[in-house]
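This is the structure, below, for whatever I ask next.
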Amino acid sequence: MLFEGDSPQSNPDRQQGRSVRAPQEQSSAAVAAKAASPAEPARHSRLISKVLSPAVRLWLQSQVERVEDLQVKIEGGDRQILQGAIPSVSLSAKGAVYQGLHLSQIQLTATGIRINIGQVLKGKPLRLSEPVPVAGELLLREADLNASLSAPLLSIALIEFLCQNLEPASAFGKMASLPITLQNPQIRIDSGQLTLSGILVSATGIELPFVLGTGLSGANRELQFVGPHLQTPSGVPAPRLDDFKLDLGPEVDIQELTLSQSQLVCRGSITVLPG
């Protein structure tokens, strides 16, 4: 129907009204298609790979003395990351050395991570803003434990364990009142049993060879030495040892600890504190 003064030629807008709306509909559809396209995840991965992943790897490498074959997987979107929140980081590594302790394999997952993203985007080192719960599994082979015996963290703990459980009247007990070093230590791992041999040497030069056997388990924050016993040279009475619990601190939660042939496997979690 034509209105007064109208004609198909004189009212091109009416003729093209449908075509005028069509580009708008196409534009809306294009926007929706773009929003649903895989381009957004690609932006996420670019942010993670170019900014966050290198920062996380650098931070992890700064926490250990050595690490081989470090693999890191970061999960999160742009909006979360730009707010300083990383939902999840999974990592695996081989041949790590942490405070002198040698670890064959590590598999860890951290969740609910808060970081200083503003400084990271400016090229500053990554830092944790809040404590982070980390769950995972550690594998230590017999060779790793022997390599770790030179680390103060382990050697001092072993000496303290022996000294705290020695009978004062025994030859070992008399040594406990003096500075002691541990020489030629060697660890063997059997199913359910850990055996440590070595020589305790006092500051005055007294030497006492020994062999310490013990079961090992873990529960919550405690490492438990079960049924420990000492073998000593002929003529040296072996002191009696009781079960012993070593408190690893409130940040540690051991769920399972297994001794099998030539290796130790530990599963649990630890809370990593900002610092």
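The values are calculated or read from the model by the stated rules, or taken from the named source; none is laboratory data. None of the values given here were measured: they were computed from a predicted structure. No Cβ is skipped: glycine too gets one built from the backbone with ideal geometry, and neighbour counts run over all protein chains shown. With ligands, DNA and RNA removed, areas are computed over all heavy atoms of the protein, side chains included. Shrake-Rupley method; radii C 1.70, N 1.55, O 1.52, S 1.80 Å.
I need a count of the residues in region 240-258 that are within 13 Å of L223 (Cβ to Cβ), open to solvent by 50 Å² or more (accessible area, probe 1.4 Å) and not in a strand (DSSP E or B).
2
Regarding E137, is this residue acidic (D, E) and under 17 Å from C266 (Cα atoms)?
Numbers: acidic (D, E): yes; under 17 Å from C266 (Cα atoms): yes.
Against the criterion (acidic (D, E) and under 17 Å from C266 (Cα atoms)), E137 qualifies.
For (1) surrounded by fewer than 14 Cβ atoms within 10 Å (Cβ to Cβ); (2) modelled with pLDDT of 90 or more, each residue gets a yes or a no:
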residue: V51; (1), (2): no, no
residue: R57; (1), (2): no, no
residue: I81; (1), (2): no, no
residue: L91; (1), (2): no, yes
residue: Q99; (1), (2): yes, no
residue: Q105; (1), (2): no, yes
residue: I117; (1), (2): no, no
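Now, a different point. Looking at V56, is it in contact with a Leu (Cβ under 9 Å, 6 or more places away or on another chain) and in a strand (DSSP E or B)?
It is false that V56 is in contact with a Leu (Cβ under 9 Å, 6 or more places away or on another chain) and in a strand (DSSP E or B).
When you scan region 259-275, how many residues do you find that are of a type in the set (S, T, N, Q) and buried (at least 16 other Cβ atoms within 10 Å of the Cβ)?
Here the count works out to 2.
Looking at (1) touching a helix residue (DSSP H, G or I) at 6+ places or on another chain (Cβ under 6 Å); (2) free of Cβ contacts under 8 Å to residues at least 40 places away in the same chain; (3) hydroxyl-bearing (S, T, Y), can you tell me which one T109 breaks?
Checking T109 against (1) touching a helix residue (DSSP H, G or I) at 6+ places or on another chain (Cβ under 6 Å); (2) free of Cβ contacts under 8 Å to residues at least 40 places away in the same chain; (3) hydroxyl-bearing (S, T, Y), the one that fails is (1).
Still on this model: Could you tell me whether S177 is at negative phi, at pLDDT below 80, within 24 Å of the chain's Cα centre (by Cα) and of a type in the set (G, A, S)?
Judged against the criteria, S177 is not a match.
Collect the residues in region 215-231 that are over 18 Å from V265 (Cβ atoms) and open to solvent by 70 Å² or more (accessible area, probe 1.4 Å), keeping them in residue-number order.
Quick first cut of region 215-231, residues over 18 Å from V265 (Cβ atoms) only: 221, 227-231.
R221, H229, Q231 - these are the residues of region 215-231 that are over 18 Å from V265 (Cβ atoms) and open to solvent by 70 Å² or more (accessible area, probe 1.4 Å).
Quick check, is T181 open to solvent by less than 30 Å² (accessible area, probe 1.4 Å) and part of a strand (DSSP E or B)?
No; evaluated as a whole, the condition is false for this residue.
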